[in-house]
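The values are calculated or read from the model by the stated rules, or taken from the named source; none is laboratory data. Note that the coordinates shown come from a computational prediction; the quantities given were computed from them, not determined experimentally. All Cβ positions, even for glycine, are placed from backbone atoms using ideal geometry, and neighbour counts span all protein chains on display.
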Amino acid sequence: MPHIRVELPSLLHQCVGGEPFITVEADTVSQAINELAKTYPLLRDSIFESDGTQRRHVLIFYNEENTRWLEDLDIPITDKDRLTVVQSIAGG
Amino acid sequence: MGEVYVCVGTQKGGFLLRSDEGRKEWSVEGPLLGGWGIRDLSLDTRGARPVMWAAVGHEVYGPSVQRSTDLGKTWDQIEHGPKYGADAPGKLESVWTIVPGRAEEAGVLYAGVAEAGLFVSRDGGDHWNELKGLSGHPTRSAWTPGFGGLCCHTIVLDPENSKRMWVAISAAGVFRSDDGGETWSDRNEGLQNLLEAQVEEDAGFCVHRMVVDPKNPDRLFQQFHFGVYKSENAGDSWERIENGLPRGNEGCFGFPIVMHPRDPNTLFVIPQISGEYRYAHDGDLAVFKTTDAGANWSTRTDGLPGGAFQGALRQAMSVDPLNPCGVYFGTTGGLLYASRDEGETWMELPGRYPRVQSVNAYVLEG
C-alpha cells in the first residue's frame, strides 16, 4: 500500500507529537484522509467538526488540488503524492 | 516567601508574568501556546505542584483544553476534552473557562463552553462529561448569543455547600444548581431583560461576570450588561448597586468584577461607555472600587492612562491573596496594569500583548 506524506501547519504539530510531517498508508486520497483522522484524534478534532464535516477555514490539498473542489476523492495515490493541511484565511 | 504568578490569556497565546511579593519587578515568559486563542489561562493549585490549564478557542481549528505541568513550558492537548453528543442543542465552538473544583474535590474541574454548556472532569482533566441539565434547560430555545457568542463564561462554586453552584451565560442569564450540577434553575429576577420578546421565557439576561462572597455565599455580585447588581439571597433576586458609578446610555456597562481576597465588601469594576463603544469613558482608563459592598463606588486612576480607548474583558481582571492585595487587569488593546495597594495606585506591567482575554493571579510558595 502506498505511503502519502502529510504536511501540517505549525499550530497543529502538537496534535501529532510535534512533527511537521506525518505519513499515512492508503490506496486513495479518501482513505488517506480517513486514516489521518483515525490515527490522530487530536488532528481530527482540529480539522473536522464533530459531525465529520471539514472545518470551514481548513483546507486539505492533494498535491496542488484543493480536495474541497474535487468531486471524487477515490483517487489512487502513489508514494510521490502529498497532502497539505492549510489554514484558509488570507488577507487582512 | 512566595512568588506571584499572573497568567495572561490573549487572542494569540498565553503569557506568564512573575514577581516576588514586592511586585515591583516582573519577568515575562511567553507566548505559551503561541498563536492559539486563549480564553482562559489558569492554575490549579490544589495539588503538590501547580497544573496550568488553557481554555482554547481558535477561529480556524476550534476548541480544545490544554494542560501543562511545568508552568507552560510544554503542553498536553486533552484528547477526551469537552465534546457535545449528537443530541446536544448546540455546537462546541470554544472553551471559555476552566475552574478547579473545591479544595476537597480532588481531580474535579469544570469547563464553561460556547455554545453554552458546562462540562465536568472527575479525573484531573483527562475525561470530560457534559452536565446536560444546563445545556438542555427548558429556556434553552430562547438563549441568544451576546457579542462574544453564546458562552458559559463564569462558574462560581459555593464554598460551603458542595451541591450548590452558579453559572453565567451571555446572553441567557444566571443559573443555579442545588444538586451538584444535575438540574438548574434560572435566577434573574430584578435584572433588565436584553430582548423584550424573551421576557416570558425568563432568558435574554446578559450577565457579564459574577462573584460570590466566600464568607456569606448567599451574597453574589455581578457586572451586568446594563449595570452592577447584588443579590442577598443566592441569586433569587437582584438589586442595582451603582451609586458613584458612571452611566452611559445603557447604564453602567462593563465586564469584569473582582472581590478582595479577604474583605468581601471590597470589589473592583472597570466601567465602559456602553455596548456600542466598549471603551473607557473619555478614554480615561479607570478602576472603580467599593469598600461597602456596593453601596458607594469611587474611582481610582492614579497610574492609569488617559487617551486609552480600550476596555477590559470579563475574565481579564484578578486579585492576588497578599496583604495588601494586588489587583491586575488587561485591556482589549493589549496592556497590563497592576496595583500593589488594593487598587489605590497602578503601574503598567512590561510588554505589549495581543487582545487580553483573561488574567488570573496566584501566589505560589517557593
### Query
What residue, of B:Gly294, B:Gly311, is at pLDDT 95 or above and farther than 12 Å from B:Gly244 by Cα?
B:Gly311
#### Entry: Residue among B:Val95, B:Val120, B:Val113 that is more than 14 Å from chain A (Cβ to nearest Cβ) and within 20 Å of the chain's Cα centre (by Cα)
B:Val120
### Query
Which residues, taken from region A:41-81, are basic (Lys, Arg) and either within 21 Å of B:Val60 (Cβ to Cβ) or within 13 Å of chain B (Cβ to nearest Cβ) (or both)?
A:Arg44, A:Arg55, A:Arg56, A:Arg68
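Can you pull out every residue in region A:27-65 that is on the phi < 0 side of the Ramachandran plot and part of a loop (DSSP other than H, G, I, E, B)?
A:Asp27, A:Tyr40, A:Glu49, A:Ser50, A:Asp51, A:Thr53, A:Arg55, A:Arg56, A:His57, A:Glu64
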### Task
Tell me the strands (runs of 3 or more DSSP E) entirely within region B:219-320 that contain at least 1 residues that are buried (at least 23 other Cβ atoms within 10 Å of the Cβ).
B:220-224, B:227-231, B:253-259, B:267-272, B:287-290, B:317-319
### Query
Restricting attention to region B:335-353, which residues are over 10 Å from B:Val8 (Cβ atoms) and in a loop (DSSP other than H, G, I, E, B)?
B:Leu335, B:Arg340, B:Asp341, B:Glu342, B:Gly343, B:Glu344, B:Thr345, B:Trp346, B:Pro350, B:Arg352
### Message
Suppose we filter region B:30-53 for residues that are among the small types (Gly, Ala, Ser) and in a strand (DSSP E or B); how many remain?
### Response
2
### Message
Any residue that is closer than 22 Å to B:Lys91 by Cα and assigned to a strand (DSSP E or B) - is there at least one of those in region A:66-84?
### Response
no
### Query
How many of the residues in region A:1-40 are within 13 Å of chain B (Cβ to nearest Cβ), more than 10 Å from the chain's Cα centre (by Cα), touching a residue at least 60 places away in the same chain (Cβ under 8 Å) and within 25 Å of A:Pro76 (Cα to Cα)?
1
### Message
Condition first: of a type in the set (A, V, I, L, M), touching an Asp or Glu at 6+ places or on another chain (Cβ under 8 Å), part of a strand (DSSP E or B) and within 12 Å of another protein chain (Cβ to nearest Cβ). Now tell me which residues in region B:55-84 satisfy that.
### Response
none
